[in-house]
Each structure stands twice: as C-alpha cells, then as structure tokens.
Amino acid sequence: MTRSTRASALLQWIILGVLVGVLCGSASALFLHLLERATRFREVHEGLVFALPLAGLVMGTVFERFGRSIKAGSNLIIDTIHDGGPELPLRLAPMVLVGTVLTHLFGGSAGREGTAVQMGAGLADALAHRLAVPRHVRRQLLVAGVAGGFGSVFGTPVAGAIFGLEFVVLGRIEYDALVPALVAALVGDMTTRAWGIGHAHYLAAPHVALTPLLALKWLVFAAAMAAASTAFIELTHWLKRQGERRVPRLGLRMAIGGGVVVALWQLLGTSDYLGLGVPMILRAFEDPHVPVYAFAAKLLFTAVTLGAGFMGGEVTPLFFAGASLGSVLARALDIPLALGAGVGMAAVFAAASNAPLALSVMALELLGASVFPHAVLVSVVAYLMTGHRSIYPAQRLLGSKAGGRLSHPTAIRDLPHTEAPPPPSEEPRP
C-alpha cells in the first residue's frame, strides 16, 4: 500500500467515523433524555409498575407484528458483521428506543447498552447502504456503530472503541476497524455531551498497591463475579427458551414476565431493583450496609424482564450486581469499599460479555487510574472462569479459552454445550 493510498484510507475512515459518531451520539442523547424522564415519572407515580403486565401484553403484540426481523437484538448485529446479511431494518433504531423507554417507564429491570449498540449499528448500516460502500467497509462501519453507541451512552469513548473491536470474536481484536471505531466513539461521546446530556459520576477508587495477599483476595472476587455472571447468563437464556417453548405468543410471555416482576417488587417491598438501579450502584461505593442479597435480587429481576422479551440491555443491571456484590465482598475481605465496588462492577459484565479489556478500560475511565491493575486482574480471571458462555450467544469463538485454535469461527450458541468448544483444527500452528 502506497503512502497516498494509506492517506486516502485514513481520511475515509475519519470522515465515516465522524458521520457515524454524530449519528450515534445524537441517538444516545435522545435515548438518555427520554430514559431519564421516564425513570423520574415512574418514581413519582410508582403505581405505574402495576401496569407492567398490561404494557408487556401490548408491547409484545406490537413487536410480534412489526419486529420479527429485529427480535435477535444485539445478536443480529453480530451475525450481520460476520455474515454480511441484508441491511438492518430501518425500524430497528426507533423500535428499540421506544421499547426500552417503555420498559423503564413501567418498571422493568433492564439496561441501556443493548439499545445504544443496536441503534448505533442500525444507523451506521443505513449510512453504509446509502453511500454504497464496499462490503469490508460496511463491516467496519457496523463495528464503529457498536463502538459509537456504547461509548456515547456511558461517556466512556475509549472503552466503547475497544468494546466494538473485542466483543465480535473471542480471541481476536478487530484491528481493521480500529480507526473508524475510535473516531465514532470519541465523536459520539462529544456529540452526546454537546446535546447537554451528562452521565453518572462514581466515587474514585483509592490507590491501593497490588500485593500477593491482595491478589489472592482478588481471585476470590473473580470466582464470585464469574459465578454471578454464569448464573445470570444461564437463567436468562433458560427463561427465554422455556418461555418460547411453553408460551408461543410474545405478548403473553411479556405479560407473565411483567406479572412476576410486579410480584417480586411487592415481595421485597422496595423499588431499588426496578429500572436501571443507578442509585444502588452509587450507594455500593460508600455504604457498608448494602444488603447481602442485593446482587442476586437485581440479577433475578433482570433475568425475568429480559427473559420475558422486554427490550433493554444488560450492562447497568450487571454493574448493579457487580458493585453490590463487590461491596459485600470488600467488607468481608478488608478491601476499601469503593475499590471493591468498582472492580466488581467491571468484572461481572466483563465476564458476561467476554470483553475484559474493554471493561478494564471502562473502569479506568469511570473510576480513575488507581483501579486499573485490580480491574484487569479480576476481569480477566472472571472472564476465563465463566467458560464459553455469553449474554450474546452470536459471539464467535476463534479458540478455546483454555488454549488452542478452532478450524473456523463458531457461534457460542452452536457449541455442543457451554463448556466444550468444537475440536480444534488439525492444522499446525504457525
């Protein structure tokens, strides 16, 4: 490749990355604004939660009629990146936006990254088709859309860029999309902030030297985070499978799931586990009285909500679970509360999404440099201990986490079971 060709490619990546970033940042700004208003309205009018089953019935009926082509959600994005399928439906962005806002309005327990990622990829794919770019450029723009959506919705652009490159294939970083992904994430974050949208501020983690004794404590942490991630993945997927098999109509499944959420809400007598749960995440950094069961309750609320078919992501609920569980473990292991909550927050989602590098950097961006070595250690170990599982079953596996390469990328959902990858390739390693 000549110097002029490299310069031309770089200019193209920057221009396309900026366009994707503006689209993603604007979509995230609108989404976060509506989400905040819906959450505040529900908090003032808590009786709305009793209408969650009815809302689920109506939403499910509409989604079943008009949303069949987008029901795979983030997995549809991953499949399209790999297989180069048809253009993502234009209705993807508005449907996931409205569906997620309504889920939160009526008290469903869900996150926001899934919506941001799907909106970002959908808008990026629309741009790719309007510009009639080549297939490999379209793939890069899809990754950039994921990065721009993730980075802008959390205010963590570097982590967003790495997430877009890391989560597509386990065992490989998609460096061919590095420039557009980084530009889209940075511009997306700047665009969201330019619209006047702010993000939650977390208590900075204290500086604590990494000693052999602390490393052993972090191994206990990692095992606990991996167990929480595994429980959430298995329960959510099991609920989805059982619901689809026993209750074919989506509206009825969502109504039943909404009823279960309402029952759990009444049983526990608190609204802490509805919606995003950001107040509890912040509380975990400084309150030594966070309930021991808080993480399990949030995982259950979220698994029921998403397993029933309500729209939303997993990141913030998993942040809740990781921060609250980390806070509890920090008290037991004599680790500073803010450090334990921050490391736990990153590690649970790192393990569940198979993106330990992105979440380690995200912890750095949110909590400061002091947390970084601890977050890396726990996130990587938790990622390994979770096995071949994921909240995104469409993720491709290029090699076993225990070592060895596969003959071709294989979707996690196509593995014989969650622990054993297909036989490795017989070809000698280079």
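The values are calculated or read from the model by the stated rules, or taken from the named source; none is laboratory data. Since this is a predicted model, take the numbers as computed values, not measurements. Using ideal geometry, Cβ is built from the backbone for each residue, glycine included, and neighbour counts are taken over all protein chains shown.
Just give me the residues in region 348-372 being of a type in the set (S, T, N, Q) and part of a helix (DSSP H, G or I), in sequence order.
Scanning region 348-372 gives Ser353, Ser360, Ser370.
Yes or no, residue by residue, for (1) farther than 30 Å from Leu23 by Cβ; (2) touching a residue at least 24 places away in the same chain (Cβ under 8 Å); (3) β-branched (Val, Ile, Thr); (4) touching an Asp or Glu at 6+ places or on another chain (Cβ under 8 Å):
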| site | (1), (2), (3), (4) |
| --- | --- |
| Ala184 | no, yes, no, no |
| Val208 | yes, yes, yes, no |
| Leu213 | yes, no, no, no |
| Thr230 | yes, yes, yes, no |
| Gln242 | yes, no, no, no |
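Tally up the residues in region 274-289 that are under 16 Å from Pro317 (Cα atoms), in contact (Cβ under 8 Å) with a residue 24 or more places away in the chain and over 19 Å from the mean Cα position of the chain (by Cα), please.
Total meeting the criteria: 2.
Looking at region 242-347, what helices (runs of 4 or more DSSP H) fall wholly within it and have at least 2 residues that are closer than 19 Å to Ser229 by Cα?
By residue number, 278-284, 294-308, 315-333.
Looking only at region 394-405, count every residue that is out of contact with any Lys or Arg (no Cβ under 9 Å at 6 or more places or on another chain) and either surrounded by 14 or more Cβ atoms within 10 Å (Cβ to Cβ) or at pLDDT 75 or above (or both) and tell me the total.
Qualifying residue count, region 394-405: 3.
If a residue has to be in contact with a Gly (Cβ under 6 Å, 6 or more places away or on another chain) and more than 20 Å from Val380 (Cα to Cα) to count, how many in region 134-176 make the cut?
12
Considering only residues that are touching a residue at least 12 places away in the same chain (Cβ under 8 Å) and either under 19 Å from Leu57 (Cβ atoms) or of a type in the set (Asp, Glu) (or both), which ones fall in region 256-273?
Of everything in region 256-273, those that are touching a residue at least 12 places away in the same chain (Cβ under 8 Å) and either under 19 Å from Leu57 (Cβ atoms) or of a type in the set (Asp, Glu) (or both) turn out to be Ile256, Gly257, Gly258, Gly259, Val260, Val261, Val262, Leu264, Trp265, Asp272.
Hey, any hits in region 100-116 for a residue that's part of a helix (DSSP H, G or I) and touching a Pro at 6+ places or on another chain (Cβ under 9 Å)?
No, region 100-116 has no match at all.
What do you reckon, is His237 surrounded by fewer than 24 Cβ atoms within 10 Å (Cβ to Cβ), closer than 28 Å to Gly399 by Cβ, in the same structural domain as Ser379 (by TED's automatic domain parsing) and not polar (S, T, N, Q)?
Spelling it out, His237 is indeed surrounded by fewer than 24 Cβ atoms within 10 Å (Cβ to Cβ), closer than 28 Å to Gly399 by Cβ, in the same structural domain as Ser379 (by TED's automatic domain parsing) and not polar (S, T, N, Q).
Matching residues to (1) outside any loop (DSSP other than H, G, I, E, B); (2) surrounded by fewer than 17 Cβ atoms within 10 Å (Cβ to Cβ):
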{"position": "Leu182", "(1), (2)": "yes, no"}
{"position": "His199", "(1), (2)": "no, yes"}
{"position": "Ala215", "(1), (2)": "yes, yes"}
{"position": "Val220", "(1), (2)": "yes, yes"}
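Would you mind finding the one in Leu88, Leu76, Leu105 that is over 17 Å from the mean Cα position of the chain (by Cα), among the aliphatic types (A, V, I, L, M) and either buried (at least 24 other Cβ atoms within 10 Å of the Cβ) or over 28 Å from Val262 (Cβ atoms) (or both)?
Leu88
Which of the following residues is loosely packed, with under 15 Cβ neighbours inside 10 Å, of a type in the set (A, V, I, L, M) and at pLDDT 95 or above: Val304, Val292, Val260?
It is Val292.
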